[in-house]
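Trainee: Here you go, one structure.
The values are calculated or read from the model by the stated rules, or taken from the named source; none is laboratory data. The shown structure was predicted, so the numbers you read here are calculated from the model rather than taken from an experiment. Cβ placement follows ideal geometry from the backbone for every residue including glycine, while neighbour counts extend to all protein chains displayed.
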Amino acid sequence: MYSIWIDESIREGKFLTIGGFYCHDYAIPSLVYHWREFKNQCGFREDEELHYQEAPSDLKLRIAEELSNWRTLTAVVATMLEMRSEAVRKHTRHESSTHPRKKRKIPVDFYCEGLRYILQRVAEESALEHWNLASIICDKPELGEEEYTDRTILLGRQAPFKKYRRWYSYGVGRGPGPEYPQRGLKDLNFQPSIFLSDPSYHDMLQIADCIVGITSKWMNVVVKGERMDPSWNIVLNNFIRLYRNRYGWGPFNCFQDGLIIHPYMKSLNEKIIESLESD
């Protein structure tokens, strides 16, 4: 049985990053052991949360170096770009005109939309590798506790469960991969259970938080058209192995290797590849 561990990043500029990793359940005790050992080396208690966003720069680099050497987990991350924000505003205005008495704005949910692309990618993996039982453990989405702005999403903590019920029966919209378009997850024999948890109490969600944080830092640099700090170049090229623990041949390919960019932009994909080739 496999488990998929999901967290979301603190918003970086013009996008939200959601994702983490998946692994076979037999790997969990070893991953927890090594993570706690690493925390001890960094001066943390075993039961203390290591939060990526709150770590100093040198520790962030050390975390990336550590995770780069792990081979029993595979990263999968969705980056939701805000080029869609105008469409979100139009959707909100449409809802307001259709229901004039309805005061609450109803935008597309960034968190749930990112989650569905993660499921799309993992469902394709499950079909290729012939595994169907899985559990999805999400950090409780904090986005639902803030007031609505054009780019902040609020559908409440039950939204992932409600959305998942629909994806289970009818699919994720684009379909879980090109080989299985427009089919419900149940038709693929991909039948995960979804849970909410808290990284304060779970090392695996702390690892997911760090993978998402490092990826978000990388995407932020690429989207802004900047260059990574030289100290990060070698580390980043090693870090992307986490995306390639399943299929490590050929040049890095975003969707194939589990890095989902939505909406898809060819120019941005090219910049991502160029960032890995820079000196």
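Trainee: Can you pull out the residues in segment 14-67 that are basic (Lys, Arg) and over 29 Å from Met1 (Cα atoms)? Lay out the reasoning, then the answer.
Mentor: Initially, segment 14-67 is screened for residues basic (Lys, Arg), giving 14, 36, 39, 45, 60, 62.
Lys14, Arg45, Lys60, Arg62 - these are the residues of segment 14-67 that are basic (Lys, Arg) and over 29 Å from Met1 (Cα atoms).
Trainee: Which residue is nearest to Leu31 (Cα to Cα), if the candidates are limited to segment 167-209 and must be aromatic (Phe, Trp, Tyr) and at pLDDT below 75?
Mentor: Going residue by residue through segment 167-209, those that are aromatic (Phe, Trp, Tyr) are 167-168, 170, 180, 190, 195, 201.
Now restrict to residues that are at pLDDT below 75: 180, 190, 201.
Values: Tyr180: 32, Phe190: 24, Tyr201: 15 Å.
This residue is Tyr201.
Trainee: I need the helices (runs of 4 or more DSSP H) fully contained in segment 16-130, keeping only those with at least 1 residues that are modelled with pLDDT of 75 or more.
Mentor: Numbers: elements: 28-41, 57-67, 85-98, 110-129.
Hits in segment 16-130: 28-41, 57-67, 110-129.
Trainee: Among the residues of segment 222-240, count how many are buried (at least 18 other Cβ atoms within 10 Å of the Cβ) and over 12 Å from Glu277 (Cα atoms).
Mentor: The number of residues fulfilling the criteria is 6.
Trainee: Which of the residues spanning segment 131-160 are among the aromatic types (Phe, Trp, Tyr) and at pLDDT below 75? Spell out the reasoning first.
Mentor: Our first condition is that a residue be among the aromatic types (Phe, Trp, Tyr); within segment 131-160, this holds for 131, 148.
Within segment 131-160, Tyr148 is the sole residue that qualifies.
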